[in-house]
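Undergrad: Before I ask anything, here is the structure I am working with.
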């Protein structure tokens, strides 16, 4: 989700930025915003595609199954979190090219981590859930981009819900309750659906503060990472209760 600490979001969503009343400046601003958001979506979609290809190839090679029975699985499981933390906390010190490299490396490692779903669920259910997630993501992101309603008030609520899910998942590691797992999955889908709209609006608002600065390139990577995480988490939670097991 979009929560880096550098530039804060600009005026409330729907408020017109001050452009000296010039139509040309307004058009230029809108064109720049569209390019900025398109760059974010391109990075995000390319990252998801890269992760999917890596996951499929790794699973079909038989290495994903071998990984389950080796200590390497813990490294693969925790590596994506390490990349996210490195990008989030190192953004001010790193060059844009370094952030881009870390983002693509994250997508590859995330693909290795996701490869195990091909050992659990049928290929048909994975594909069906993926396209369902893609359609939902597109609709939710479009809503976040176009709505005039300020969604910033939902941010705290969604973060609290996310923390609650993490706690519930930790508890379920010990109690192994199928009912609790189903509840976690449903809430997970709803929370990341909300975060998709919220993050999209936040990214759009931030462009007002970022345009013309050197941070724009970094913001593209950070924005792509936020939307990538929203998409992948929504996909995984949806798959957990819609996917058909082998």
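The values are calculated or read from the model by the stated rules, or taken from the named source; none is laboratory data. Just so it is clear, the structure is predicted and the values come from calculations on it, not from any experiment. All Cβ positions, even for glycine, are placed from backbone atoms using ideal geometry, and neighbour counts span all protein chains on display.
Undergrad: Return the total of residues in the stretch 152-168 being exposed (fewer than 14 other Cβ atoms within 10 Å of the Cβ) and assigned to a helix (DSSP H, G or I).
TA: Qualifying residue count for the region: 7.
Undergrad: Is there any pair with a first residue in the stretch 196-218 that is on the phi < 0 side of the Ramachandran plot and assigned to a loop (DSSP other than H, G, I, E, B) and a second that is surrounded by 19 or more Cβ atoms within 10 Å (Cβ to Cβ) and modelled with pLDDT of 85 or more whose Cβ atoms are under 8 Å apart and which are 6 or more apart or on different chains, and what are they?
TA: Listed by first residue and then by second, the contacts come to 211/36.
Rundown of residues vs (1) buried (at least 18 other Cβ atoms within 10 Å of the Cβ); (2) free of Cβ contacts under 8 Å to residues at least 60 places away in the same chain; (3) in contact with a helix residue (DSSP H, G or I) (Cβ under 9 Å, 6 or more places away or on another chain); (4) within 21 Å of residue 45 (Cβ to Cβ), yes/no style:
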position	(1), (2), (3), (4)
81	no, yes, no, no
86	no, yes, yes, no
96	no, no, yes, yes
105	no, yes, yes, yes
109	yes, yes, yes, yes
115	yes, no, yes, yes
130	no, no, yes, yes
146	no, yes, no, yes
150	no, no, yes, no
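Undergrad: While we're on this one: Residues to consider are 242, 203, 182; find the one that is in contact with a helix residue (DSSP H, G or I) (Cβ under 7 Å, 6 or more places away or on another chain) and buried (at least 22 other Cβ atoms within 10 Å of the Cβ).
TA: The unique qualifying residue is 203.
Undergrad: Another question about this same structure. Please name all residue pairs, on different chains or six or more residues apart, with Cβ atoms under 7 Å, provided the first residue is in the stretch 33-55 and is on the phi > 0 side of the Ramachandran plot and in contact (Cβ under 8 Å) with a residue 12 or more places away in the chain and the second residue is surrounded by fewer than 17 Cβ atoms within 10 Å (Cβ to Cβ) and in a helix (DSSP H, G or I).
TA: That search, which allows pairs on different chains as well, returns nothing.
Undergrad: Please specify each residue of the stretch 43-56 satisfying the condition of being over 13 Å from the mean Cα position of the chain (by Cα) and surrounded by 15 or more Cβ atoms within 10 Å (Cβ to Cβ).
TA: 50, 52, 54, 55, 56, listed by residue number.
Undergrad: What is the number of the single condition among (1) at pLDDT 90 or above; (2) surrounded by fewer than 18 Cβ atoms within 10 Å (Cβ to Cβ) that residue 176 does not meet?
TA: All conditions pass for residue 176, except number (1).
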